[in-house]
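Before any comments, here is the structure.
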């Protein structure tokens, strides 16, 4: 039921996105000294497509009523940084400062989405008459 | 949620690799004066660590592993010390090809990388606890 509420759905997909991004950034930081490693990032979050749901994930065709429709969650696209500058002599292109800044940014986004989520529920609780 | 757990695994693999590197650096530094015992012997040869990234099948993430610990093929230093048991007929002794300055620099880099991985772990922990806080 709550999945239909757009704010909650939005906050949920935002938090999913941040968690996935955190994973990719952790890979970059862990490989900060690996020769020839090129860092990756996640395609930026598209609020519009989540709001309008104009870009629904690909669904599997059901040809028989006995088939179970699998739930397909939208995969976040991992993109590789295509810059070839600022790489060290061993071909590693991870800039540690940049990665740490991105992690901080992702954390703020997560906090914002989580607060939004909580506020939405607080509003529901107020509407139910259960105090502030 | 699962991703945040993976984050910790990845960062842990990074910390493990960096501590392995630190171990090799400490070996090099400890053996900075390990000369040969005899005139035709070789002194301690410096070791270098290299990393590689490896796909962890269980989590599907790119983790970091220590690739190989290889000997540094650079020239040995020569010191003039005729009294030394390993001195050749001209009075020179082969000393290890370890430069303490380079080792210190390497050590700092390993330390910084380790700290960066630690910061990633603490960040993912904060996200996890924020998620739990949402229940309140």
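The table below gives the values:
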{"quantity": "Cβ crowding within 10 Å averaged over residues, with B:78-91, B:50-63, A:22-35 ranked highest first", "calculated": "A:22-35, B:50-63, B:78-91"}
{"quantity": "Average Cα contact separation per residue, chain B, under 8 Å, 6 or more apart, as relative contact order %", "calculated": "32 percent"}
{"quantity": "Approximate spin-label separation residue B:90-residue B:19, in nm, with each point projected 7 Å along Cα-to-Cβ", "calculated": "4.6 nm"}
{"quantity": "Burial order of peptide ranges A:6-15, B:5-14 (average beta-carbon count within 10 Å, highest first)", "calculated": "B:5-14, A:6-15"}
{"quantity": "Prolate/oblate/rounded call for chain B, Cα gyration tensor, a/c under 1.5 rounded", "calculated": "prolate"}
{"quantity": "Length-normalised contact order for the stretch B:45-118 - Cα pairs under 8 Å, 6+ apart - percent", "calculated": "24 percent"}
{"quantity": "Chain B: angle of helix B:2-30 to the longest principal axis, Cα-based, in degrees nearest 10", "calculated": "10 degrees"}
{"quantity": "Cα-derived Rg over Rh, computed across the stretch B:4-57 with Rh taken as Kirkwood radius", "calculated": "1.24"}
{"quantity": "Rounded to 10°, Cα long-axis angle of helix B:100-133 versus longest principal axis of chain B", "calculated": "10 degrees"}
{"quantity": "Convex hull volume per residue for the protein assembly as shown, taking Cα atoms only, in Å³", "calculated": "181 Å³"}
{"quantity": "Residue B:37/residue B:126 FRET efficiency (R0 51 Å; Cβ-Cβ; nearest 0.05)", "calculated": "0.40"}
{"quantity": "10 Å Cβ neighbours from other chains, averaged over peptide A:10-22", "calculated": "3"}
{"quantity": "P(r), alpha carbons of the stretch B:41-88 - 5 Å bins starting at zero, rounded %", "calculated": "5, 16, 15, 12, 11, 9, 8, 7, 6, 4, 4, 2"}
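Every read-out reported here was derived from the displayed coordinates using simple, explicitly stated rules and does not represent laboratory data. Values in this document were obtained by computation on a predicted structure and should not be read as measured data. Note that each Cβ is placed from the backbone with ideal geometry, even for glycine, and that neighbours are counted across all protein chains shown.
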